[in-house]
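Notes follow the structure.
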Amino acid sequence: MSKHVPLIVVAVFLLVTAGAIYLGVRHANDASDNNETPGPPPALTKAVQPAPGQPTPTGMSLEGAKIEQRDPQGALEWTVTAHGDLEFDKDSQTVTGRNVRFEMTDKAQMPCLLDAPVFRADYDAKVLTFDEGVTGRMTSNSAAFRVNHLVFTFSTQKLVGSGGVRFSQGQYLATAQNIVVDPKAKKVRLSGGVRFEKRR
Amino acid sequence: MKSKLLVAALVSLLLVVAAVAQQVKKAQNAVITAQTMDYDWVNNTLDFTGNAKVVLTGPYDATMTAPSLAVKLSPQADRVLSFVGAGPVNFTLTTKPDANGLRRRIVATAKEQATYTDDTQIIKLIGGATADLLPVATTADNAPAGEGLAKAQAVHFTGQTITANLKTNKLTVDDANLTVETKAQ
């Protein structure tokens with residue numbers, strides 16, 4: 001038997017021991033994390049970041065609980081800020097969040113603000129979806145609207161909403177089933193049983 | 001005799017328009033319904049299409065229907081500056097009771113368009129315009145009183161354009177044709 005054999009045995013033993021200790025510590029940490037009592041939700045929590053090396057959708061950046069979308073020239077097009085978590089799913093290329101504010105910048109022809117309880121950005125479909133009662137207002141005048149469900153399409157930059165539309169401008173209020181806000185054309189279209197009257 | 005009838009007819013028409021004008025000054029609620037509404041951000045205009053209908057309620061009741069209706073709002077969007085109904089436009093209005101307790105229904109149409117401007121308070125029915133003034137109550141006890149058109153059961157106007165100026169209480173019919181129906185004694 002070679003005199004090196006005991007050294008090899010000792011080395012193997014040490015490696016096995018170190019591995020066991022590492023796995024034990026890791027398991028303990030995982031258990032500790034799972035049992036952690038959640039604190040009060042922070043006003044602005046950190047978003048789940050894509051894994052290092054994982055490509056983010058073109059033009060998108062996640063920072064804190066905020067998504068920014070920039071055009072190829074780097075100009076800011078819109079932002080989504082969450083008062084809760086924003087979570088990025090790298091597999092489905094989606095970002096989901098709650099209690100969000102969507103803001104179209106001045107780069108848009110008709111800048112507006114949206115507030116929505118439920119938000120989802122689908123970067124494969126290139127749409128943002130706002131749900132469960134969306135309120136919006138144009139930042140360049142007094143127009144405002146409410147709608148149950150709203151979709152923003154990247155390519156057209158249009159906001160297309162459906163269900164329980166209420167659109168107000170100045171002293172007037174219009175109700176309808178559907179709404180399309182077209183910033184490029186600087187027009188708002190309501191359709192489906194439109195009713196327009198002066199507010200009382 | 002003919003000139004007397006013409007004067008009486010004009011006086012009667014002025015009374016009807018005056019009655020409408022008086023009612024316009026009071027609060028009036030307007031509801032517009034349509035299939036679609038396009039709001040133009042730049043010009044502050046509204047385009048209603050698909051069975052556009054305006055219903056006015058309040059001191060008097062009026063209804064206007066048209067395939068499409070364009071409305072111009074004030075910059076503050078607190079009042080309607082003008083509207084244009086694209087033809088064929090149908091317009092009905094029921095006046096308040098006059099001094100004799102008679103209410104009249106005005107039924108008007110225009111093949112091309114109807115316009116209203118708030119500053120001038122002028123309503124124009126353009127292109128093959130017609131207007132009928134009909135007493136709402138048709139019983140013998142409530143027969144129209146007075147002379148000329150005031151006594152008429154029904155008056156039918158046709159013309160290229162019918163203009164009602166609610167400020168000056170004038171009704172103008174261009175290229176006019178007038179038919180008066182009176183009840184035989």
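Read-outs throughout are calculated quantities, based only on the coordinates presented, and are distinct from any laboratory measurement. As the structure is a computational prediction, the values presented were derived from the model and not from experiment. No Cβ is skipped: glycine too gets one built from the backbone with ideal geometry, and neighbour counts run over all protein chains shown.
List of remarks:
- Ranking B:LEU69, B:ASN44, B:VAL54 by how far each Cα lies toward the positive end of the dipole of the stretch B:33-120 (charges on Cβ) leaves B:VAL54 at the top.
- Inter-chain Cβ neighbour average for residues B:48-55, partner chain, 10 Å: 2
- For A:ASP85, distant residues with modelled amide H under 5 Å away: A:ARG98
- The stretch A:80-146: proportion of alpha-carbon pairs further apart than 21 angstrom, %: 27 percent
- Whole-angstrom Cα spans of the stretch A:60-198 along principal axes, big to small: 46, 30, 24
- Charged-residue dipole, Cβ positions (Lys, Arg, Asp, Glu), the stretch A:60-198 about Cα centre, Debye nearest 20: 760 debye
- Entries in A:LYS186/B:LYS53; A:LYS158/A:LYS186; A:LYS198/B:LYS72; A:LYS126/A:LYS158; B:LYS72/B:LYS124; A:LYS187/B:LYS124 that, when Cα-Cα distance is taken, lie over 20 Å: A:LYS186/B:LYS53; A:LYS187/B:LYS124
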